[in-house]
1. Could you please give the count of residues in segment 189-248 that are at positive phi and either open to solvent by 70 Å² or more (accessible area, probe 1.4 Å) or modelled with pLDDT of 85 or more (or both)?
2. Select from segment 130-146 the residues that are open to solvent by 20 Å² or more (accessible area, probe 1.4 Å) and either hydrophobic (A, V, I, L, M, F, W, C) or over 17 Å from the mean Cα position of the chain (by Cα) (or both) and list them in ascending order.
3. Looking at GLU26, is it open to solvent by 30 Å² or more (accessible area, probe 1.4 Å) and among the acidic types (Asp, Glu)?
4. Being surrounded by 20 or more Cβ atoms within 10 Å (Cβ to Cβ), closer than 19 Å to THR204 by Cα and within 14 Å of the chain's Cα centre (by Cα) narrows it down to one of ILE126, ILE162, so name that one.
5. Pairs please, first residue from segment 55-84 and among the aliphatic types (A, V, I, L, M), second anywhere and loosely packed, with under 13 Cβ neighbours inside 10 Å, Cβ atoms under 6 Å, 6+ apart in sequence or on different chains.
6. Need pairs with beta-carbon distance below 7 Å; first residue under 19 Å from PRO215 (Cβ atoms) and among the polar types (S, T, N, Q) and within segment 166-184, second open to solvent by 30 Å² or more (accessible area, probe 1.4 Å) and assigned to a helix (DSSP H, G or I); sequence gap 6+ or separate chains.
7. Answer yes or no: is there a residue in segment 85-106 that is modelled with pLDDT of 95 or more and surrounded by 14 or more Cβ atoms within 10 Å (Cβ to Cβ).
8. Quick one: which helices (runs of 4 or more DSSP H) lie wholly within segment 90-161 and hold at least 2 residues that are in contact (Cβ under 8 Å) with a residue 40 or more places away in the chain and more than 30 Å from SER66 (Cβ to Cβ)?
Amino acid sequence: MFNQATFQFEKVSAIKVSEFIREQLEEAIILKEIMSEDQLPSERELAEMFNASRITVREALSALESKGLIEKRVGAKGGTFVLPITANAHKRTKEEIMRDWDQMLHVFEYRTIVEPEGAFLAAERITAGELELLEGYIKQSTEPECTREWFRALDVKFHLTIAKASGNPYLETAVRQIRTKINPALDLMPYDENIRVLNQGVHTEILEALKSRDPVKSRDTMKRHIAFSADAIYSRLVSSEPQEGNEH
């Protein structure tokens, strides 16, 4: 007979179907798998995709709209469209992130464990196609016409591709969860030529370590990159300077 005092079970928490739909759509938007100005499928199409009622889908969309992630437009070219997160992040998330900074620190601590080890494995397992993808993301991020929103999307793609290249689906899922938590904070970062050059430099260094099949260098470079990002985010949050950054 087990001793109940040695166990701590979580209480049952029923998740509404609308919340389940909202979470999936929100993750895709935050990870920029659905980009700014992309039109979401109709309520009917979403209901079919999620095997849910249109009323349930409508509830999920309403929750996303209240968070400022989507908006409904009327007219001949109307529909439900994704709003640009990075352009408005400074208005929406700074106070929230500061309020939950202790939790964010736990996420960054988790990230310093997971992503570097993912890079370590990726150096041994990454394919030529995945290396080509990473190189393409870096190249696109340096192009003059690269917008702030696309720049942030390329950064997410870069890190998620490395996680996938680790060959471990648990690591890949963990990195997706981490990026969903930290992207609103990363979206607060400014966007200018200095940021682009800095990002290109460290991403190129990680790419070269992966190309060289050097697990230790891949892990160490990723760890430095993550530590720098955490420090930069904190500095940005406590700064009294305007948070808009430069929009390209």
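1. Applying the first criterion (at positive phi) to segment 189-248 yields 213, 245.
When the remaining residues are screened for being either open to solvent by 70 Å² or more (accessible area, probe 1.4 Å) or modelled with pLDDT of 85 or more (or both), the result is 213.
Of the residues in that region, 1 qualify.
2. Quick first cut of segment 130-146, residues open to solvent by 20 Å² or more (accessible area, probe 1.4 Å) only: 130-133, 135-137, 139-140, 142-145.
If the condition is that a residue be open to solvent by 20 Å² or more (accessible area, probe 1.4 Å) and either hydrophobic (A, V, I, L, M, F, W, C) or over 17 Å from the mean Cα position of the chain (by Cα) (or both), then GLU130, LEU131, GLU132, LEU133, GLU135, GLY136, LYS139, GLN140, THR142, GLU143, PRO144, GLU145 are the ones that fit.
3. So GLU26 does not fit the description; no.
4. Values: ILE126 fails: within 14 Å of the chain's Cα centre (by Cα).
Of ILE126, ILE162, the one residue that is surrounded by 20 or more Cβ atoms within 10 Å (Cβ to Cβ), closer than 19 Å to THR204 by Cα and within 14 Å of the chain's Cα centre (by Cα) is ILE162.
5. LEU83/GLU71
6. Pairs that qualify, where the first residue is under 19 Å from PRO215 (Cβ atoms) and among the polar types (S, T, N, Q) and the partner is open to solvent by 30 Å² or more (accessible area, probe 1.4 Å) and assigned to a helix (DSSP H, G or I), are SER166/LEU121; SER166/ARG125; SER166/GLU172; ASN168/LEU121.
7. Restricting attention to segment 85-106, the residues satisfying the condition of being modelled with pLDDT of 95 or more are none.
The answer is no, given that none of the residues of segment 85-106 is modelled with pLDDT of 95 or more and surrounded by 14 or more Cβ atoms within 10 Å (Cβ to Cβ).
8. So the answer is 101-125, 128-141.
The values are calculated or read from the model by the stated rules, or taken from the named source; none is laboratory data. Every value quoted in this text rests on a predicted model; they were computed, and no experiment measured them. Note that each Cβ is placed from the backbone with ideal geometry, even for glycine, and that neighbours are counted across all protein chains shown. Accessible surface is based on the protein model in full, side chains and every heavy atom, while ligands, DNA and RNA are left aside. Shrake-Rupley method; radii C 1.70, N 1.55, O 1.52, S 1.80 Å.
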